[in-house]
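S.K.: Mind having a look at this structure? Questions to follow.
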Amino acid sequence: MPSDLLESTPTRTPTAPRARARSWRPHPGDRDVLWLYLLTRVGIWTIAYCARWLFPADGDTHDPGPLLAPFEQWDWFHYLHIARDGYFPGQEGPWQSTWDNREAFFPGFPLLLRAVHTVVPQWTVDGLLISFAAGAVAVLALARIARAQLPQPGADRRTVLFLLVSPCAVFLAVGYTEALFLALALPAWLAAQRREWPLAALLTALATSVRISGLFLAAAIALHFALTARTARTRRAWRPLPWLALPALPVALYTWYLHSHTGDWMDWDHAQERGWYRTFHTPWQAWSNTWHNAFDHVQSTGYAVEFQAELLAMLVGLLLLALLIRRRRWPEALYIALSLWALGTSYWYMSIPRATLLWWPLWTALASRGLRSPRFNTAYLALAAPLSTVLALTFLTGRWAG
């Protein structure tokens, strides 16, 4: 097999157990990465503070409202209700016309939220603490991925910077699942790159309990395992194969739980259909429906621009997929392809801009380009930073769901 089929495997992959242990130790560049992370958190908190004073719901009010109110938006209430009341409190459920379809949200984040609440008895603070800690883990893992793939000095900081000032970066700072998912998925990918398959499978299983995207990661890791095991050409290389089934366990358990309460094996998927129009449509139908809502003046301007962002994010994803295929980085290409298929086959596009946060190959690719071309680096920052500020402001004032 040609060696370029494994281009996604870093050339500096450690093999000895001692070398693997060293690879997880703190790196001298971690301090700079964490400092950058902290500064961008302060930036988002500053926007949230200003949003309370400048854009209250009542333009004539003299009271800016609760300090944490900007962070209590949209999906946060689903996670809160699950953590506080469970999935089916009392006799409530999908058999009611007023049901909120909370089964669409996987239990990993609400379970952790409930656990943290036993220590810190303020729900919004709990969500913010989870995302803050998870985001720190995620950027450290992303920096390690960048160091392995990009030999240039400063590649780790550049990759993390491009993520943290990306247009939808606000979702890494609020009580949503993106930061927690990345805190599990990126170390899982690192473990797979280092051929630590049991650890990779365990972390991927935890990521799958947070978002269904964990199954896409599991498929990418399985493909990476197959390519590396085939290259090794030994039976021993295939021994960790059973571990790769572990990420399916959280989905199976959650499916069984929902069936025991609703009689529907696919209730989490049907909840998405009921609440968010995620019924299957062909990719061209989904594109057409999204285009219609973006440009044919059928939506208010605020919603129309959201649909425009969905179209742009889909184009970015397709370009990224083409780049990964061209470079024969098959596992990452599979991860992106499955993500695009899942997001691009609903009635219309929804949450694709937010999903870009989970596409770590995008941030390493942009950083690589920025390191080669200062003009590209400047152009990205000049465009992304204002967009990040605007979208953070619109989310924190309840005008945008992402």
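Each value in this text was obtained by applying a stated rule to the coordinates, not by laboratory testing. Quick caveat: nothing in here was measured; it's all calculated off a predicted structure. Please note: Cβ atoms are built from the backbone with ideal geometry, for glycine as well, and neighbour counts cover all protein chains shown.
S.K.: Starting from the Kirkwood radius over alpha-carbon pairs of the stretch 319-402, derive D by Stokes-Einstein at 4 °C in a medium of 1.567 mPa s and give it in µm² s⁻¹.
M.R.: Details: Rh = 14.6 Å.
Stokes-Einstein gives a translational diffusion coefficient of 89 µm²/s.
S.K.: How far is helix 108-117 tilted, in degrees, relative to the longest principal axis of the Cα atoms in the chain, given as a value from 0 to 90 rounded to the nearest 10?
M.R.: 70 degrees
S.K.: Still on this structure, I have one more. Pull out the extension gain between Val119 and Ala232, defined as 0.36 nm times the separation in residues minus the alpha carbon to alpha carbon distance; nm, one decimal. Please list the in-between numbers first.
M.R.: Numbers: separation 113, 0.36 × 113 = 40.68 nm, distance 4.79 nm.
Answer, rounded to one decimal: 35.9 nm.
S.K.: Find how many whole Å separate the alpha carbon centroid of the stretch 338-367 from the alpha carbon centroid of the stretch 174-232.
M.R.: About 17 Å separates the Cα centre of the stretch 174-232 from the one of the stretch 338-367.
S.K.: Starting from the Cα-Cα distance between Trp284 and Thr301, subtract it from 0.36 nm times their residue separation and give me the gain in nm to one decimal.
M.R.: Numbers: separation 17, 0.36 × 17 = 6.12 nm, distance 2.36 nm.
Extra length from Trp284 to Thr301 when fully extended: 3.8 nm.
S.K.: Follow-up question, since we're still on this one. Above 21 angstrom, tally the Cα pairs of the stretch 201-309 and express them as a % of all pairs, no decimals. Mind showing how you got there, number by number?
M.R.: Working: 3462 of 5886 pairs.
More than 21 Å apart: 59 percent of the Cα pairs in the stretch 201-309.
S.K.: Going by alpha carbons, how many degrees (0 to 90, nearest 10) lie between the helix axis of 283-295 and the longest principal axis of the chain?
M.R.: So the inclination is approximately 40 degrees.
S.K.: With label points built 7 Å along Cα→Cβ from the Cα atoms of Trp256 and Arg31, find their separation and express it in nm.
M.R.: Going from the Trp256 label point to the Arg31 one covers 4.9 nm.
S.K.: Scaled to the compact-protein estimate 2.2 N^0.38 Å, what is the alpha-carbon radius of gyration of the stretch 257-402, rounded to two decimal places? Write down the numbers at each step before the final one.
M.R.: Numbers: Rg = 17.4 Å, N = 146, 2.2 N^0.38 = 14.6 Å.
Ratio of Rg to 2.2 N^0.38 Å for the stretch 257-402: 1.19.
S.K.: Helix 76-85 against the longest principal axis of the chain: what's the angle in degrees, Cα atoms only, rounded to the nearest 10?
M.R.: 90 degrees
S.K.: Here is a further query. Taking a cut-off of 24 Å, what percent of all Cα-Cα pairs in the stretch 77-190 are separated by more than that?
M.R.: That fraction is 38 percent.
S.K.: Could you tell me whether the stretch 273-344 comes out rounded, prolate or oblate from its Cα gyration tensor? Rule is a ≥ b ≥ c as square roots of the eigenvalues, rounded for a/c under 1.5, then prolate if a/b exceeds b/c, otherwise oblate.
M.R.: It comes out prolate by the Cα gyration axes.
S.K.: Something else now. Using 0.36 nm per residue, how much length does the chain from Trp276 to Leu68 gain when fully extended, once their Cα-Cα distance is taken away?
M.R.: Difference between extended and current length: 72.2 nm.
S.K.: By the gyration tensor of its Cα atoms, with a ≥ b ≥ c the square roots of the eigenvalues, what is the shape of the stretch 30-93: rounded for a/c under 1.5, prolate for a/b over b/c, or oblate?
M.R.: Because a/c hits 1.5 or more and a/b fails to exceed b/c, the stretch 30-93 counts as oblate.
S.K.: Treat each spin label as a single point 7 Å out from the Cα along the C-beta direction, and report the Arg328 to Ala133 distance in nm.
M.R.: Distance between label points: 4.3 nm.
S.K.: Net charge near Val116, counting Lys/Arg +1 and Asp/Glu -1 over other residues with Cβ under 13 Å of its Cβ?
M.R.: +1
S.K.: Using Cα pairs closer than 8 Å and at least 6 residues apart in sequence, work out the relative contact order for the chain, in percent.
M.R.: 23 percent.
S.K.: What whole-number distance in Å separates the alpha-carbon centres of the stretch 274-291 and the stretch 25-99?
M.R.: 28 Å
S.K.: Right, next: Can you give the convex hull volume of the alpha carbon atoms of the stretch 22-130 per residue, in Å³?
M.R.: 162 Å³
S.K.: Using the Cβ atoms and a cut-off under 14 Å, what net charge is assigned to the surroundings of Met266, where Lys and Arg are +1 and Asp and Glu are -1? It would help to have the intermediate numbers written out before the result.
M.R.: Values: positive: Arg274, Arg278; negative: Glu103, Asp264, Asp267, Asp269, Glu273.
Net local charge, Met266 excluded: -3.
S.K.: Modelling each spin label as a point 7 Å along the Cα-to-Cβ direction, I'd like the Trp341/Phe77 distance in nm, to one decimal.
M.R.: The answer from the label model is 3.5 nm.
S.K.: From a point 7 Å beyond the Cα of Leu54 in the direction of its Cβ, which residues of the stretch 355-399 have a backbone N at a distance under 18 Å?
M.R.: 383-399
S.K.: Given the alpha-carbon gyration tensor of the chain, what are the semi-axes of its equivalent ellipsoid in whole angstrom, ordered largest first, with each equal to the square root of 5 times an eigenvalue?
M.R.: Working: eigenvalues 216, 137, 99 Å².
So the three semi-axes of the chain are 33, 26, 22 Å.
S.K.: Chymotrypsin sites (Phe, Trp or Tyr not before Pro) within the stretch 38-145: which are DSSP loop residues with at most 11 other Cβ atoms inside 10 Å? Show your work: numbers first, answer last.
M.R.: Working: sites: Trp45, Tyr49, Trp53, Phe71, Trp74, Trp76, Phe77, Tyr79, Tyr87, Trp95, Trp99, Phe105, Trp123, Phe132; in loops: Trp74, Tyr87, Trp95, Trp99, Phe105.
Qualifying residues, ordered by number: Trp95.
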